[in-house]
């Protein structure tokens with residue numbers, strides 16, 4: 001049956017007893033060619049897997065696959081796992097991507113990778129521009145998806161051959177697992193070979209990849225039959241080989257193709273004919289192919305050759321003969337002689353690469369030799385290997401895998417090499433590989449003055465995978481003596497962040513407060529105070545929020561905003577002003593001051609909480625366009641660094657929240673769903689899911705899809721628990737909105753009352769941030785109408801204190817609804833008037849429909865018709881289906897026929913709208929503008945309302961927003 005030897009000394013032969021496997025390959029190649037010849041065909045195979053124990057010919061099948069694919073005109077990419085290289089992150093991915101990418105010139109490569117170049121540089125071993133960023137694992141996966149997809153399309157059709165996949169590094173396996181679902185949609189076939197009994201315990205990805213892809217199951221390779229063994233033996237020693245002798249060969253090899261081929265070649269070299277008398281010699285040869293017999297055969301060679309073989313086993317296949325010579329301390333001529341002797345002994349063979357590399361004839365040989373080396377001597381060889389690969393310019397990651405096998409001796413150079421290799425892995429998003437190296441660096445041990453920095457680096461490596469371990473490492477780092485102040489500040493920030501991410505907000509705030517108290521450097525002290533304010537603000541059980549707000553206000557008044565620490569304090573002051581319901585101009589002023597000089601969204605030692613909060617100040621202050629500009633910049637910054645995990649999930653979700661506030665409900669839903677999709681792929685981002693579910697439920701309710709909102713809430717156990725962190729929109733208030741939509745007023749009222757008590761205790765009084773009073777007023781109407789009116793009136797008062805037209809309009813609208821009767825008409829009119837001066841399209845449409853319905857019930861049909869038509873158009877444009885249905889029903893009930901919609905569904909300003917806006921910015925009153933444009937004053941106000949909604953601002957932000965808009969032709 002057999003398999004050829006891995007590198008046979010005779011001419012290539014067809015594999016024996018592998019007809020089924022070869023037919024599967026041919027069928028898959030034919031199908032792959034058909035998928036790219038312009039004729040659409042359904043594909044059944046995107047992946048082929050061959051499995052079996054060592055020696056059953058998996059590599060021979062992969063070699064056959066390569067030859068047949070090339071003969072069929074297919075592009076071949078190939079990679080192979082290595083037993084000693086499993087800890088080398090992305091080694092297998094680099095093997096099959098690097099050769100093709102290396103053929104591209106610099107400019108071509110940059111064009112090919114596009115915006116992914118810097119992110120992929122460290123992953124693929126390319127030269128990066130400047131300092132490579134540290135992407136998150138999600139960003140790395142998406143970047144590799146992009147590269148592989150582009151490479152496949154460029155070189156289509158493509159066959160990816162992966163041998164010894166059981167020894168692939170974890171990072172390559174993880175990516176292959178996630179990419180496998182795309183294979184059927186690409187002109188790509190993946191062929192893998194692996195040993196099922198040697199899968200690492202953590203290789204769940206591999207099991208998923210090869211066991212559950214489509215309808216194809218792994219092809220389990222069988223041992224050779226006696227007839228197959230006989231054919232291989234006779235191919236080498238001649239047809240005269242006796243049946244009894246061939247049967248003895250089958251017994252000696254167990255039907256292993258590798259052992260059978262090696263035995264047959266050995267028999268031929270000894271000149272044996274295959275008679276029964278040759279059986280003892282045959283058994284001697286068979287015993288020397290592997291195991292103790294192989295070691296006896298090796299040790300029968302000279303010392304220099306044995307040393308060269310040991311060095312080769314430490315390096316792993318394929319290897320540089322020059323490196324092996326350096327490790328074995330052999331001269332060039334002696335090393336060449338040793339290599340030739342090992343070739344003759346069929347231990348080594350020439351590799352396929354262009355660099356003159358060597359490799360073992362079979363991994364079994366390499367494993368046997370490696371395990372035969374005494375442990376102490378083996379550690380010394382690894383130490384020599386680390387020095388040799390560094391001297392040869394292979395870099396710290398190549399050396400680090402050897403240093404992991406060396407005993408701990410307290411050498412600073414070992415620590416530095418391990419740290420540098422860990423940094424490279426972190427730049428490649430390989431956090432687990434970095435964690436292994438930094439843990440080993442601590443065991444060396446390092447110099448006392450370096451220990452805190454290494455613990456800090458280790459915490460950065462474990463943050464995404466073991467946040468609890470991160471806390472432990474950072475507490476140990478803080479306990480070290482004489483920590484540099486800047487390093488200590490970074491340690492504290494990372495510690496507080498890790499505590500917050502493990503839902504320990506109180507501890508996070510306490511740690512920052514204690515560090516602020518102890519700090520002697522004014523800049524560091526200010527930074528610690530900023531961190532304390534961040535975590536206290538986000539803490540749901542902050543014991544003294546009003547006092548903290550007063551402290552923050554006093555501190556912000558003294559700061560000019562020159563340093564980043566000062567700007568963070570100013571940004572926090574702006575956010576606190578929003579929460580407390582101070583005049584919005586106060587909040588906007590501090591927000592603008594905080595942005596002078598910039599704030600990064602991707603500063604690993606500061607986080608994105610403050611930049612995000614500053615952006616939301618503009619949203620709540622009726623300048624959502626400004627918020628969107630900041631979010632677009634922040635999201636682009638995250639994407640540019642390869643941060644496609646929790647940061648991007650937050651960014652997409654909150655960007656959707658801004659669109660919700662503008663009334664762009666369909667866009668909001670799309671953005672939030674994308675944010676949730678990203679969050680679901682990232683382990684441990686509970687807060688991002690809370691944000692996403694809250695905003696999505698609110699958006700679905702605005703669109704009238706109550707059943708869908710309920711299903712979403714139930715799927716995420718929303719309403720059953722409350723996070724310890726502050727989430728916006730407030731989850732309990734959002735859940736109460738869902739209860740109201742379901743008609744469960746009493747439950748909603750109880751929940752909202754509790755929310756109100758909690759927020760009032762913190763002196764957070766802004767209905768723009770949390771409209772609990774507005775929802776409570778609605779909930780109380782059926783049972784306590786007077787209390788409902790009182791709550792609505794207080795909400796109007798608080799809204800006026802803040803001063804944003806959108807929230808004043810919403811509060812007046814709620815007051816009108818709970819008041820009812822003729823007395824509500826004036827309140828409705830005032831609500832519409834305020835909302836027309838804001839960018840809140842959906843809330844304006846709601847108020848217009850509500851006003852129209854009230855006018856109709858009071859017999860003022862003409863006015864009702866105008867309002868209902870306006871509300872209907874606004875509802876349709878916003879994507880508020882239920883509101884549009886209500887408007888049509890109100891029109892029908894009043895005996896009015898809905899007119900064709902007049903609203904042009906475009907965000908660009910008309911020439912008349914632009915001119916109206918420009919005159920407003922110049923400070924001209926409405927009456928003057930009306931006269932100049934030959935319009936009524938009401939017509940001018942309607943044009944301005946359209947301007948505010950289209951460009952996402954109010955009158956205060958109009959000048960700035962207008963500057964960024966292109967001019968339109970009349």
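Can you pull out the residues in the range 84-119 that are free of Cβ contacts under 8 Å to residues at least 24 places away in the same chain and closer than 27 Å to residue 381 by Cβ? Passing the criteria: only 95. Any residue that is in contact (Cβ under 8 Å) with a residue 60 or more places away in the chain, surrounded by fewer than 20 Cβ atoms within 10 Å (Cβ to Cβ) and in contact with a helix residue (DSSP H, G or I) (Cβ under 9 Å, 6 or more places away or on another chain) - is there at least one of those in the range 444-457? Within the range 444-457 (the criterion being in contact (Cβ under 8 Å) with a residue 60 or more places away in the chain, surrounded by fewer than 20 Cβ atoms within 10 Å (Cβ to Cβ) and in contact with a helix residue (DSSP H, G or I) (Cβ under 9 Å, 6 or more places away or on another chain)), the answer is no, since none of the residues qualifies.
The single condition among (1) within 44 Å of the chain's Cα centre (by Cα); (2) surrounded by fewer than 24 Cβ atoms within 10 Å (Cβ to Cβ); (3) in a loop (DSSP other than H, G, I, E, B) that residue 839 does not satisfy is (2). Just one of the listed residues (876, 904) is surrounded by fewer than 24 Cβ atoms within 10 Å (Cβ to Cβ), modelled with pLDDT under 95, in a loop (DSSP other than H, G, I, E, B) and not assigned by TED's automatic domain parsing to the domain that holds residue 941, and it is 904.
Residue 746 falls short on exactly one of the conditions (1) more than 20 Å from residue 620 (Cβ to Cβ); (2) at pLDDT 95 or above; (3) buried (at least 17 other Cβ atoms within 10 Å of the Cβ), and that condition is (3). The listed residues are 418, 438, and the only one of them that is without any contact (Cβ under 8 Å) to a residue 24 or more places away in the chain and in contact with a helix residue (DSSP H, G or I) (Cβ under 6 Å, 6 or more places away or on another chain) turns out to be 438. Is it true that some residue in the range 546-567 is without any contact (Cβ under 8 Å) to a residue 24 or more places away in the chain and crowded, with 22+ Cβ neighbours inside 10 Å? Scanning the range 546-567, I find no residue that is without any contact (Cβ under 8 Å) to a residue 24 or more places away in the chain and crowded, with 22+ Cβ neighbours inside 10 Å, so the answer is no. Within the range 182-211, being out of contact with any strand residue (DSSP E or B) (no Cβ under 7 Å at 6 or more places or on another chain), in a helix (DSSP H, G or I), modelled with pLDDT of 65 or more and over 14 Å from residue 48 (Cα atoms) holds for 182, 185, 197, 198. Among what's in the range 851-876 and is without any contact (Cβ under 8 Å) to a residue 60 or more places away in the chain and under 44 Å from the mean Cα position of the chain (by Cα), pick the residue that is farthest from residue 822 (Cα to Cα). This residue is 876. Of 74, 61, all but one fail to be under 15 Å from residue 22 (Cβ atoms) and buried (at least 21 other Cβ atoms within 10 Å of the Cβ); the exception is 61. Taking the criterion of being more than 46 Å from the chain's Cα centre (by Cα), farther than 26 Å from residue 707 by Cβ and touching a residue at least 12 places away in the same chain (Cβ under 8 Å), would at least one residue in the range 883-890 satisfy it? Looking for residues that are more than 46 Å from the chain's Cα centre (by Cα), farther than 26 Å from residue 707 by Cβ and touching a residue at least 12 places away in the same chain (Cβ under 8 Å), one finds none in the range 883-890, hence no. Only one entry in 266, 255 is under 55 Å from the mean Cα position of the chain (by Cα), in a loop (DSSP other than H, G, I, E, B) and within 17 Å of residue 291 (Cα to Cα), namely 255. Taken over the range 342-352, the criterion of being in a helix (DSSP H, G or I) and farther than 10 Å from residue 308 by Cβ is satisfied by 343, 344. Among residues of the range 631-649 being modelled with pLDDT of 85 or more and crowded, with 24+ Cβ neighbours inside 10 Å, the one that is nearest to the chain's Cα centre (by Cα) is 634. When we screen 530, 540 for residues that are touching a residue at least 24 places away in the same chain (Cβ under 8 Å), surrounded by fewer than 21 Cβ atoms within 10 Å (Cβ to Cβ) and within 31 Å of the chain's Cα centre (by Cα), the only hit is 540.
Once the range 342-351 is narrowed to residues that are in contact (Cβ under 8 Å) with a residue 24 or more places away in the chain and out of contact with any strand residue (DSSP E or B) (no Cβ under 6 Å at 6 or more places or on another chain), the residue that is farthest from residue 86 (Cα to Cα) is 345.
Matching residues to (1) crowded, with 18+ Cβ neighbours inside 10 Å; (2) free of Cβ contacts under 8 Å to residues at least 40 places away in the same chain; (3) in contact with a helix residue (DSSP H, G or I) (Cβ under 6 Å, 6 or more places away or on another chain); (4) part of a helix (DSSP H, G or I):
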residue	(1), (2), (3), (4)
289	yes, yes, yes, no
292	no, yes, no, yes
334	no, yes, yes, yes
340	no, yes, no, yes
355	no, yes, no, no
359	yes, no, no, no
380	no, yes, no, yes
385	yes, no, yes, yes
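The set of residues in the range 129-161 that are modelled with pLDDT under 90 and loosely packed, with under 15 Cβ neighbours inside 10 Å comprises 129, 130, 131.
Rundown of residues vs (1) in a helix (DSSP H, G or I); (2) closer than 17 Å to residue 529 by Cβ, yes/no style:
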| position | (1), (2) |
| --- | --- |
| 576 | yes, yes |
| 588 | yes, no |
| 591 | yes, no |
| 622 | no, no |
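Going by the structure shown, is residue 864 within 26 Å of residue 768 (Cβ to Cβ) and out of contact with any strand residue (DSSP E or B) (no Cβ under 7 Å at 6 or more places or on another chain)? In short, no.
Residue by residue, here is whether (1) surrounded by fewer than 17 Cβ atoms within 10 Å (Cβ to Cβ); (2) free of Cβ contacts under 8 Å to residues at least 40 places away in the same chain holds:
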site	(1), (2)
774	no, no
777	no, no
785	yes, yes
789	no, yes
796	no, yes
806	no, no
811	no, no
819	no, yes
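Against the conditions (1) modelled with pLDDT of 90 or more; (2) over 18 Å from residue 599 (Cβ atoms); (3) more than 33 Å from the chain's Cα centre (by Cα), residue 555 satisfies every one except (2). For the range 604-627, the set of residues classified as under 24 Å from the mean Cα position of the chain (by Cα) and closer than 30 Å to residue 457 by Cα consists of 604, 605, 606, 607, 608, 609, 610, 611, 612, 613, listed by residue number. For the range 294-315, the candidate set comprises residues that are free of Cβ contacts under 8 Å to residues at least 40 places away in the same chain and part of a loop (DSSP other than H, G, I, E, B); within that set, the residue that is surrounded by the fewest Cβ atoms within 10 Å (Cβ to Cβ) is 300.
The values are calculated or read from the model by the stated rules, or taken from the named source; none is laboratory data. Keep in mind that this is a model prediction, so the values were computed, not measured. Please note: Cβ atoms are built from the backbone with ideal geometry, for glycine as well, and neighbour counts cover all protein chains shown.
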